Amino acid sequence: MKSNNIPKLRIGDLEARIPIIQGGMSVGVSLSGLASAVANEGGIGIIGVSGIGMLEPDFAKNFREANKRALSQEIRKAKEATAGPIGVNFLVALTDYEELLLVAIEEKADLVCLGAGLPLMNPKTAAVDRLREGSTKVVTIVSSARAAKIIFTQWAKKYHHVPDAVVVEGPLAGGHLGFKKEQIEDPDYALEKLLPEVIAAIRPFEEPFGKSIPVIAAGGIYTGADIYKFMQLGASGVQMATRFAATWECDASPKFKEAYVKCRKEDIVIINSPVGLPGRAIRNKYLDEVSAGIKKPIKCPWRCLKTCDFTKAPYCIALALTNAKRGDLVEGFAFVGANAYRIDKIVSVKELMESLVEEYEEAKSKAIQSGSETLNDP
Ligand SMILES: Cc1cc2nc3c(=O)[nH]c(=O)nc-3n(C[C@H](O)[C@H](O)[C@H](O)COP(=O)(O)O)c2cc1C
């Protein structure tokens, strides 16, 4: 890749040449293939951990072991394929979240991104001690300044330690959303508004903990000009997922990616997920049947999510998403970000990263020419 002026992303001593984190995508959409391709192009590649063991033969009998084994294998495979930074994305609502966190630390993941809940840990597992002592960085994913403040205050009090970076995920993101349905279209909750609020909420923790804490913007970021805009608003980088789902290297089946290329704006809908959060997905017959009250058969031997009551859930979200990842969009559905309808072809990660950098530079030159560039210049 030719040299460029886009600022690096630094999380402690971890450095990415291009300030883009590929958002973790479960179930099985971002594994070692996508994560290593992104890291090879200068970004940060993330493996999505939820349901990672579902493709193992013994998952139904022994889901905890299958998850641990699959996570270990995926981190190793990714690290063999790249020298760039590789992380793991966790939903803290997973019943085996802490066991899997220890696997990620053991396998020397460069970072762990903790989302969908308050990332507190059982002091007995000593995960925070191991994070503090080791090289794995902690990134917390939030959707409000309030959540960031609560997490940082609790960590400071309980662990005398705070996360190394924050991802602020706005309402245009894909997958589960940290908003009430009515907030999704409310301009008061737009990413442009949330980002400076989150930055202000975590600034007071930088001096006492002697570190700079980058804030990374996510949700609906589509072009290099968007990256430029959010970096001008104070972000140290961006997290993007939807664009990476439509790459050759993405670990989902071609049919899953085809659904991204084909979807129109009106096909992208907000659903009530059994996780207890709204989610954004491509509407299909499966989701129409769920909305019509048709209950899908559920066998739940493993209880993967603390927040899912499988006796009341209309379907198993882990199974529906795994089916979609495998290309079965009859017995499942695909999560997407709000801008997925703009995708018209599958590209390589290299092409995508190069176009994003080019667009960033164009936006920057335009801003310089018009005299509007202000903040955050490298
Ligand atoms: C298919 C898909 C699966 C996702 N799965 C997860 C996940 O398991 N954990 C998580 O924290 N976020 C998940 N997300 C959210 C992304 O990591 C990311 O933050 C968000 O989608 C960014 O917005 P964008 O897709 O518009 O770029 C998912 C998103 C998509 C599109």
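Output the number of the condition that residue 330 fails; it satisfies all remaining conditions of (1) more than 13 Å from the ligand (Cβ to nearest atom); (2) open to solvent by less than 40 Å² (accessible area, probe 1.4 Å); (3) touching a Lys or Arg at 6+ places or on another chain (Cβ under 8 Å).
Against the list (1) more than 13 Å from the ligand (Cβ to nearest atom); (2) open to solvent by less than 40 Å² (accessible area, probe 1.4 Å); (3) touching a Lys or Arg at 6+ places or on another chain (Cβ under 8 Å), residue 330 comes up short only on (2).
Considering the stretch 192-227 alone, what residues qualify as being within 16 Å of the ligand (Cβ to nearest atom) and open to solvent by 20 Å² or more (accessible area, probe 1.4 Å)?
192, 220, 222, 223, 225, 226
I'd like to verify a number: residues in the stretch 252-274 that are crowded, with 22+ Cβ neighbours inside 10 Å and farther than 20 Å from residue 221 by Cα, how many?
Count: 4.
Give me the residue from the stretch 275-295 that is outside any helix (DSSP H, G or I) and in contact with a strand residue (DSSP E or B) (Cβ under 8 Å, 6 or more places away or on another chain) and, out of that set, most open to solvent (accessible area, probe 1.4 Å).
Filtering first and then ranking leaves 283.
Looking at 324, 320, which is the one that is assigned to a helix (DSSP H, G or I), touching a strand residue (DSSP E or B) at 6+ places or on another chain (Cβ under 9 Å) and buried (at least 16 other Cβ atoms within 10 Å of the Cβ)? Before the answer, list the steps.
Working: 320 fails: touching a strand residue (DSSP E or B) at 6+ places or on another chain (Cβ under 9 Å).
Just one listed residue meets the conditions, 324.
So which residues in the stretch 118-153 are in contact (Cβ under 8 Å) with a residue 40 or more places away in the chain, within 16 Å of the ligand (Cβ to nearest atom) and small (Gly, Ala, Ser), if there are any at all?
143, 144, 148
Given the stretch 6-78, what strands (runs of 3 or more DSSP E) lie entirely inside it while holding 1 or more residues that are within 11 Å of the ligand (Cβ to nearest atom), open to solvent by less than 40 Å² (accessible area, probe 1.4 Å) and at pLDDT 95 or above? Steps first, please.
Details: elements: 9-11, 14-16, 20-22, 45-48.
Result: 20-22, 45-48.
Where the second residue is among the aliphatic types (A, V, I, L, M) and more than 11 Å from the ligand (Cβ to nearest atom) and the first is in contact (Cβ under 8 Å) with a residue 60 or more places away in the chain and over 16 Å from residue 340 (Cα atoms) and lies in the stretch 219-232, which pairs have Cβ atoms under 6 Å and are six or more apart or on separate chains?
Here the result reads 225/363; 228/363; 232/375, each pair linking the stretch 219-232 to a residue that is among the aliphatic types (A, V, I, L, M) and more than 11 Å from the ligand (Cβ to nearest atom).
Would you confirm, using the coordinates I've provided, whether residue 83 is of a type in the set (Gly, Ala, Ser), away from the ligand (no atom under 13 Å from the Cβ) and more than 25 Å from residue 352 (Cβ to Cβ)?
no
When you go through 112, 103, 88 one by one, which is the residue that is within 20 Å of the chain's Cα centre (by Cα), modelled with pLDDT of 95 or more, assigned to a helix (DSSP H, G or I) and among the aliphatic types (A, V, I, L, M)?
Details: 112 fails: assigned to a helix (DSSP H, G or I); 88 fails: assigned to a helix (DSSP H, G or I).
The match here is 103.
Can you find a residue in the stretch 134-143 that is in a loop (DSSP other than H, G, I, E, B), of a type in the set (Val, Ile, Thr) and under 21 Å from residue 9 (Cβ atoms)?
Taking the stretch 134-143 as the starting set, the residues that turn out to be in a loop (DSSP other than H, G, I, E, B) are 134-136, 143.
Subsequent filtering for residues that are of a type in the set (Val, Ile, Thr) retains 136.
Cutting the leftovers down to under 21 Å from residue 9 (Cβ atoms) gives us 136.
Yes, the conditions are met somewhere in the stretch 134-143.
Give the stretch 155-176 a look and list any residue that's within 16 Å of the ligand (Cβ to nearest atom), assigned to a loop (DSSP other than H, G, I, E, B) and farther than 19 Å from residue 226 by Cβ, or say none. Break it down stepwise before answering.
Keep residues of the stretch 155-176 that are within 16 Å of the ligand (Cβ to nearest atom), which gives 163, 165-176.
Now narrow it down to the ones that are assigned to a loop (DSSP other than H, G, I, E, B): 163, 170-174.
If the condition is that a residue be within 16 Å of the ligand (Cβ to nearest atom), assigned to a loop (DSSP other than H, G, I, E, B) and farther than 19 Å from residue 226 by Cβ, then 163 is the only one that fits.
Condition test on residue 358, is it under 24 Å from the mean Cα position of the chain (by Cα), more than 15 Å from the ligand (Cβ to nearest atom) and not hydroxyl-bearing (Ser, Thr, Tyr)?
yes
Taking residue 250 and the conditions (1) within 11 Å of the ligand (Cβ to nearest atom); (2) not charged (D, E, K, R); (3) not in a loop (DSSP other than H, G, I, E, B), which numbered condition does it fall short on, given that it satisfies the others?
(3)
Among the numbered criteria (1) out of contact with any Phe, Trp or Tyr (no Cβ under 7 Å at 6 or more places or on another chain); (2) in contact (Cβ under 8 Å) with a residue 24 or more places away in the chain; (3) among the aliphatic types (A, V, I, L, M), which one does residue 49 miss?
(1)
Going through the stretch 41-86 one residue at a time, which ones are of a type in the set (Phe, Trp, Tyr) and within 20 Å of residue 252 (Cα to Cα)?
Within the stretch 41-86, just 59 meets the criteria.
The values are calculated or read from the model by the stated rules, or taken from the named source; none is laboratory data. Here the structure is a predicted model, which means the values were calculated and not measured. Virtual Cβ from ideal backbone geometry, glycine too; neighbours counted across all protein chains shown. Remember, those area values only see protein heavy atoms, side chains included, never the ligands or the DNA or RNA. Shrake-Rupley method; radii C 1.70, N 1.55, O 1.52, S 1.80 Å.
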